[in-house]
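A.B. asks: Pasting a structure here, questions to come.
The values are calculated or read from the model by the stated rules, or taken from the named source; none is laboratory data. From a predicted model like this one, the values you see are computed outputs, not experimental measurements. Positions of Cβ are backbone-derived with ideal geometry, glycine not excepted, and every protein chain shown enters the neighbour counts.
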Amino acid sequence: MPESITYSDIVKAWQDKKITTVSDLESALSDYKIFFAYHSNKIEDAGVSIHQTREIFENGKVIGYTGDLRALFETENQKVCYEFLKEKVIAKEPLSGELIKSIHENLSHGCYDESRWVKGERPGTYKKNYYGVGLSVGVPPEDVEEEIDYICEALAEAGLDSIDSVLKAAVWFHCNFERIHAFADGNGRVGRTILNYILMVNDLPPAVIFDEDKETYFMALEVFDHTDKIDGFVKFIKEQTVKTWCRRTPKGKEFIAL
């Protein structure tokens, strides 16, 4: 029996593609972008199917949809955000507060509910009110900008000279971003997008965090909230990366879909 595909195998396959242009990136992410959009929205209980997500990405429309229109907008926003970021990935644009706000505006456009709107909240701007989520209540609104600037500066100054250092930095940033809870809504979608942005900018393959694994994902975030430990989350991201890119033939043989 051949050994199972490992995270290192996936990294090698990704790096062997030598992605240097937007066209290279689009080729590598042709299916990934659809699965990422579907699962990132599904984690937030969006009711758009994988087939409908593909229709939006490939044809710009869905026929016969009778569900919540907001879920359609959120899926379209995933497509818009992907188009917005792909050139920035190739240019290796550093993360900043302004880029994060732009990511949020793209992912949240047209999706803020009336209760947030009347409180003055807007897509692309940090929260103006105090919101709690789970056991984490986030930082006060007046502290958000400073906290975001701090983690962006820490990321820029990190010595990302190995696979392990990039993984740890990406996970550390993601966990801190979710703890900060910078926006009135959409923090999960933005955080998962940023996580993969950091990975790709540093020549590592992105990962889908699968909806069926969200309890493990939430638990890893909670562990960080209580202990600041990320080792379990790093292991989880490696596992999700293998799950993202590993496929099986009808006879059960594994291969890398890159």
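A.B. asks: When segment 81-106 is examined, which residues are found to be surrounded by fewer than 21 Cβ atoms within 10 Å (Cβ to Cβ), of a type outside the set (D, E, K, R) and not in a helix (DSSP H, G or I)?
C.D. replies: Pro94, Ser96
A.B. asks: Among the listed residues Leu199, Leu258, Leu221, identify the single one that is outside any helix (DSSP H, G or I) and not basic (Lys, Arg).
C.D. replies: Leu258
A.B. asks: Pull up segment 123-138, narrow it to residues that are surrounded by 18 or more Cβ atoms within 10 Å (Cβ to Cβ) and at pLDDT 90 or above, then point me to the one that is farthest from Phe224 (Cα to Cα).
C.D. replies: Pro123
A.B. asks: I need the full set of residues from segment 58-109 which are aromatic (Phe, Trp, Tyr) and more than 17 Å from the chain's Cα centre (by Cα), in order please.
C.D. replies: Our first condition is that a residue be aromatic (Phe, Trp, Tyr); within segment 58-109, this holds for 65, 73, 82, 84.
Listed by number, the residues that qualify are Tyr65, Phe73.
A.B. asks: Being basic (Lys, Arg) and part of a loop (DSSP other than H, G, I, E, B) is the filter; apply it to segment 1-22 and report the residue that is surrounded by the fewest Cβ atoms within 10 Å (Cβ to Cβ).
C.D. replies: It comes out as Lys18.
A.B. asks: Right, something else. Among the residues of segment 221-238, which ones are without any contact (Cβ under 8 Å) to a residue 40 or more places away in the chain and surrounded by 11 or more Cβ atoms within 10 Å (Cβ to Cβ)?
C.D. replies: Residues satisfying the conditions are Val223, Asp228, Lys229, Asp231, Gly232, Lys235, Phe236.
A.B. asks: Right, next: Does Leu25 meet the test of being buried (at least 16 other Cβ atoms within 10 Å of the Cβ) and modelled with pLDDT of 90 or more?
C.D. replies: Yes; evaluated as a whole, the condition is true for this residue.
A.B. asks: What is the residue count in segment 26-51 for residues that are in contact with a Ser or Thr (Cβ under 9 Å, 6 or more places away or on another chain), over 19 Å from His104 (Cα atoms) and in a loop (DSSP other than H, G, I, E, B)?
C.D. replies: 1
A.B. asks: Under 8 Å by Cβ, and 6 or more places apart or on different chains, what pairs join a residue from segment 171-197 that is under 12 Å from Ile100 (Cβ atoms) with one that is of a type in the set (Phe, Trp, Tyr) and part of a loop (DSSP other than H, G, I, E, B)?
C.D. replies: Ala182/Tyr126; Phe183/Tyr126; Val190/Phe183
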